[in-house]
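> Mind looking over this structure? Questions follow.
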Amino acid sequence: MSGELVPPRREVRLSDAEREAVVSRLSAAVAEGRLTLPEFEERVDAVLRARTDAEVQPYVADLPDVAPAVAPDEVVELNSFAGEIKRSGRWAVPRKLVVRSKAGTVKLDLRHAVISHRVVDVDLATQAGSTTIVLPAGATANIDGVNTSAGTATAKVPSTPEPGSTAPHLVVTGSTAAGTLVVRYERRFWRWRW
């Protein structure tokens, strides 16, 4: 059979796994300081929209071919008793976060985080404390899977992404008892951001 029926590699459609590998490569580049956060976000958006290898190549052409030495964790568990769990600034968000906290506070600030996965699962089990998740602009979160007991769960962000959106989407499940869960965007007042 003629080789003409097999398209060159650059015209082959990307699989989800190949697309995730490119995003991981971009994440490694931003963690190493090779890309700024705005460059990273722009390139990830383009990669997630790309259909073929040829469309992806311009976004990794100026990066080394070496794979990251350490793959990002798929699942990270955070535990606290009468303490504080806080993540902010530039930090690598895993595919799944498991958060266990009793009589404490949890604040997960994703505004400047490196988010390699389109969907991030957050599994909560909190008691007698507050949980705040701050999302980057455009991100969405579904908290329908959270059970509350003598507490509240509030999302001040859209629960479903816009069609064609490449912004991160959080799926929050689990429970909060005698406490609060708030998922929101950045708050602003004059020069302050929190």
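> Indicate the gyration tensor shape class of the stretch 131-194 (rounded, prolate or oblate), computed on the Cα atoms with a ≥ b ≥ c the square roots of the eigenvalues: a/c under 1.5 is rounded; otherwise a/b larger than b/c is prolate and the rest oblate.
In terms of gyration-tensor shape, oblate.
> Working out 0.36 nm times the residue gap between D62 and R49, then minus their Cα-Cα distance, what length gain in nm do you get to one decimal?
Residue separation times 0.36 nm, minus the Cα-Cα distance, leaves 2.7 nm.
> Rounded to the nearest percent, how much of the accessible area of the chain (1.4 Å probe, protein heavy atoms only) is carbon and sulfur? Could you put the intermediate results ahead of the total?
Details: 5740 of 10990 Å².
Ligands and nucleic acids excluded, carbon and sulfur reach 52 percent.
> While we're on this one: Please sort by residue number the GluC sites (Glu not before Pro) in the stretch 74-130 whose DSSP state is loop and whose Cβ has at most 10 other Cβ atoms within 10 Å.
Here the GluC sites (Glu not before Pro) that fit, given the DSSP loop and packing criteria, are E74.
> Enumerate the amide H contacts of L78 below 5 Å, restricted to partners 5 or more residues apart or on another chain; note that Pro and chain-start residues carry no placed amide H.
Close amide H contacts, sequence-distant or interchain: V98, V99, R100.
> Continuing with the same structure: Per residue, how large is the accessible surface of the stretch 146-194? Use a 1.4 angstrom probe and give square angstrom.
63 Å²
> Further question on the same structure: What number, rounded to the nearest 500 deg cm²/dmol, is the helix-based mean residue ellipticity at 222 nm of the chain, given -39500 (n - 2.57) per DSSP H run of at least four residues and division by all its residues?
Using -39500 (n - 2.57) per qualifying helix, the result is -5000 deg cm²/dmol.
> For E39 paired with A178, estimate the spin-label separation in nm (one decimal), with each label point 7 Å from Cα along the Cα-to-Cβ line.
The modelled label-to-label distance comes out at 5.1 nm.
> Right, another one. Counting other Cβ atoms within 10 Å, keep those with at most 12, restrict to DSSP loop, and tell me which trypsin sites (Lys or Arg not before Pro) in the stretch 75-106 are left.
Within the stretch 75-106, the qualifying trypsin sites (Lys or Arg not before Pro) (loop, at most 12 other Cβ atoms within 10 Å) are R90.
> Once you have a ≥ b ≥ c as the square roots of the Cα gyration tensor eigenvalues for the chain, tell me rounded if a/c is under 1.5, and otherwise prolate or oblate according to whether a/b is larger than b/c. Numbers along the way, then the final one.
Values: a/c = 2.25, a/b = 2.05, b/c = 1.10.
Cα axes put the chain in the prolate bin.
The values are calculated or read from the model by the stated rules, or taken from the named source; none is laboratory data. Given the structure is predicted, the values throughout are model-derived calculations rather than measurements. Here Cβ is always computed from backbone atoms with ideal geometry, including for glycine, and neighbour counts include all displayed protein chains. Heavy atoms of the whole protein, side chains included, go into the accessibility calculation; ligands, DNA and RNA do not. Shrake-Rupley method; radii C 1.70, N 1.55, O 1.52, S 1.80 Å.
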